[in-house]
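This report concerns only the one structure given below.
The values are calculated or read from the model by the stated rules, or taken from the named source; none is laboratory data. Keep in mind that this is a model prediction, so the values were computed, not measured. As a convention, Cβ positions derive from the backbone with ideal geometry for all residues, glycine included, and neighbour counts pool all protein chains shown.
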Amino acid sequence: MKNRNFVNLNVNPCKCCMPMGASIAFKGIESTMVLLHGSQGCSTYIRRHMAGHYNEPIDIASSSLNEKETIHGGAENLKKGLKNTLRLYNPKMIGISTTCLAETIGEDLQRIITEFKEEEPLYRDRVFVPVSTPGYGGTNYEGFYFTLRKILETIAVDTTPTDSINIIAGNLTPADIRKIKEILNLFDIRYTILPDVSKTLDAPFTTDYQKLSSEGTKIKDIEKMAGASITIEMGMLISEDLSPGKYLEETYGIPLYRCPLPIGLKNTDDFIEILEKITGKEMPEKLKEDRGRMLDGMIDSHKHNAEGRAAIFGEPDTVYAVTKLCLENGIQPLLISTGTKATKLKRLLELDLKKQDEGCMILDDTDLETIRHYVKELGANILIGTSEGKFITERDGVPLVRIGFPIHDRVGAQRRTYTAYEGSMQFLDEITNTLIEEKYSHYRENMYEKYYQKG
């Protein structure tokens with residue numbers, strides 16, 4: 001594709017902004033309210049995206065900066081916002097995420113919070129976690145992990161040794177988090193999972209509405225993460241300066257194990273092997289059965305998957321995990337892409353991709369216009385990514401299998417399970433069935449064009 005004549009322009013971005021990732025991370029903590037320090041439109045945009053994806057009521061406060069505060073500073077607005085939020089929601093913790101405007105005018109969050117506590121002694125016992133997340137500073141991927149790290153830097157201070165392990169979860173669905181917890185319980189492991197969105201972003205129906213969820217990772221458990229025996233961090237592409245697990249290792253000496261998101265056979269095996277190593281226990285019988293069923297399902301679908309030519313896009317760790325799933329099932333990734341800067345992605349997949357017949361293009365820091373161009377040029381017959389790719393399906397007819405955030409054109413994204421053997425097999429079945437449907441919906445036309453000769 002020819003280089004554009006303009007700089008830093010995204011057409012149909014393959015990413016969301018840093019405050020979006022920060023908000024998702026904060027929503028996995030008990031009784032926590034998110035306040036965006038910036039213009040009101042930022043909180044509206046994020047509420048809309050999260051409510052559409054999770055199908056849950058999403059409250060996000062705003063300091064509502066306007067022209068006056070842009071010139072004279074937004075400290076007073078932020079203090080009013082904090083006071084109103086505490087009065088209306090009574091949270092145990094407020095996560096304060098900056099936006100482009102607040103960062104551009106140079107707001108000092110820590111100073112403003114210190115002044116607020118001095119001026120409002122009634123709220124000195126509340127936890128305030130400020131996070132610098134300008135939209136131009138990165139994507140929702142960086143915002144998510146950076147926020148988790150800042151939460152630990154602020155709260156995790158109790159170094160009393162425990163036999164609990166830390167699980168730093170990726171940006172998974174609530175159903176995926178429930179699946180991870182189920183596996184940990186099968187190994188009879190004491191753990192703290194951060195963040196725990198299993199009920200905060202997929203709550204059961206109740207007759208009485210609660211402004212804030214009492215579910216999520218408990219603040220007292222986060223405090224004790226500094227004394228845990230081990231940390232397992234899900235994510236292979238997190239930079240060291242954003243990594244929550246690396247912070248705990250460097251600051252408190254807690255051994256760090258990293259593994260990919262447990263999507264696919266090999267990636268799930270890697271996660272299970274870490275649990276076997278740290279517990280000294282064999283894989284539970286339930287997981288052995290699940291693994292056997294996945295192997296059986298892979299055999300069932302392999303002949304169909306061999307016709308798959310995939311274009312994969314989304315957050316770096318999701319893209320990495322989906323690519324591994326495709327490769328171990330005979331689906332050829334022709335295009336692997338992410339809107340995040342992730343130069344390590346190519347290096348991690350290099351050996352695996354050498355084994356396939358055709359070459360594969362890997363793009364980072366890209367947009368969906370570029371992705372669409374290469375989908376057509378390379379002849380991909382299936383898209384795997386977020387619902388932001390649906391316009392490629394609408395315009396070019398290439399079917400889309402949805403995974404990641406956001407998914408706005410389908411109901412139930414929060415209930416989808418992609419992880420572990422069972423979730424991976426369900427996801428693979430969806431990919432396989434999409435390939436079958438695509439094949440037979442054009443089968444007669446394709447055969448006619450391929451074999452019919454005039455005269």
Candidate set: segment 45-75, residues that are over 21 Å from residue 210 (Cβ atoms) and charged (D, E, K, R); chosen: the one surrounded by the most Cβ atoms within 10 Å (Cβ to Cβ) | 69
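Yes/no per residue for (1) among the polar types (S, T, N, Q); (2) farther than 17 Å from residue 169 by Cα; (3) surrounded by fewer than 16 Cβ atoms within 10 Å (Cβ to Cβ):
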site: 188; (1), (2), (3): no, yes, yes
site: 191; (1), (2), (3): no, no, no
site: 196; (1), (2), (3): no, no, no
site: 217; (1), (2), (3): yes, no, no
site: 225; (1), (2), (3): no, no, no
What about residue 372, is it in contact with a helix residue (DSSP H, G or I) (Cβ under 7 Å, 6 or more places away or on another chain), surrounded by fewer than 23 Cβ atoms within 10 Å (Cβ to Cβ) and of a type outside the set (S, T, N, Q)?
-> yes
Quick one: how many residues across segment 134-156 are part of a loop (DSSP other than H, G, I, E, B) and modelled with pLDDT of 95 or more?
-> 1
Please verify whether segment 340-359 includes one or more residues that are touching a residue at least 12 places away in the same chain (Cβ under 8 Å), closer than 24 Å to residue 330 by Cβ, surrounded by 13 or more Cβ atoms within 10 Å (Cβ to Cβ) and among the β-branched types (Val, Ile, Thr).
-> no
Flag for residue 180 being touching a helix residue (DSSP H, G or I) at 6+ places or on another chain (Cβ under 8 Å), assigned to a helix (DSSP H, G or I), among the β-branched types (Val, Ile, Thr) and on the phi < 0 side of the Ramachandran plot = yes
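Just a yes or no: is a residue in segment 166-177 assigned to a loop (DSSP other than H, G, I, E, B), small (Gly, Ala, Ser), touching a strand residue (DSSP E or B) at 6+ places or on another chain (Cβ under 7 Å) and not assigned by TED's automatic domain parsing to the domain that holds residue 23?
Yes, the conditions are met somewhere in segment 166-177.
Condition check ((1) within 22 Å of the chain's Cα centre (by Cα); (2) of a type in the set (D, E, K, R); (3) outside the structural domain of residue 303 (by TED's automatic domain parsing)) across all residues:
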| residue | (1), (2), (3) |
| --- | --- |
| 383 | yes, no, no |
| 405 | yes, no, no |
| 410 | yes, yes, no |
| 414 | yes, no, no |
| 421 | yes, no, no |
| 432 | no, no, no |
| 436 | no, no, no |
| 441 | no, no, no |
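Results for (1) at pLDDT below 95; (2) not in a strand (DSSP E or B), shown as yes or no for each residue.
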residue: 312; (1), (2): no, no
residue: 326; (1), (2): no, yes
residue: 333; (1), (2): no, no
residue: 358; (1), (2): yes, yes
residue: 371; (1), (2): no, yes
residue: 377; (1), (2): no, yes
residue: 380; (1), (2): no, yes
residue: 392; (1), (2): no, yes
Looking only at segment 76-108, count how many residues are buried (at least 21 other Cβ atoms within 10 Å of the Cβ) and either farther than 15 Å from residue 40 by Cα or without any contact (Cβ under 8 Å) to a residue 12 or more places away in the chain (or both).
-> 5
Helices (runs of 4 or more DSSP H) (entirely within segment 227-310) containing at least 2 residues that are of a type in the set (S, T, N, Q) and at pLDDT 95 or above | 265-279, 285-305
Residues in segment 294-340 that are more than 23 Å from the chain's Cα centre (by Cα) and over 23 Å from residue 367 (Cβ atoms): how many?
-> 19
Filter segment 260-291 down to residues that are among the polar types (S, T, N, Q) and under 26 Å from the mean Cα position of the chain (by Cα) and give me whichever is surrounded by the fewest Cβ atoms within 10 Å (Cβ to Cβ).
-> 267
Quick check: is even one residue across segment 412-420 in a helix (DSSP H, G or I) and either surrounded by fewer than 16 Cβ atoms within 10 Å (Cβ to Cβ) or in contact with a strand residue (DSSP E or B) (Cβ under 8 Å, 6 or more places away or on another chain) (or both)?
-> yes
Those residues that are within 30 Å of the chain's Cα centre (by Cα) and either more than 20 Å from residue 84 (Cα to Cα) or without any contact (Cβ under 8 Å) to a residue 40 or more places away in the chain (or both), I need them from segment 113-130; list them, please.
-> 113, 130
Taking residue 211 and the conditions (1) modelled with pLDDT of 95 or more; (2) assigned to a loop (DSSP other than H, G, I, E, B); (3) in contact with a helix residue (DSSP H, G or I) (Cβ under 8 Å, 6 or more places away or on another chain), which numbered condition does it fall short on, given that it satisfies the others?
-> (1)
Selection from segment 394-411 of residues that are of a type in the set (D, E, K, R) and in a strand (DSSP E or B) | 402
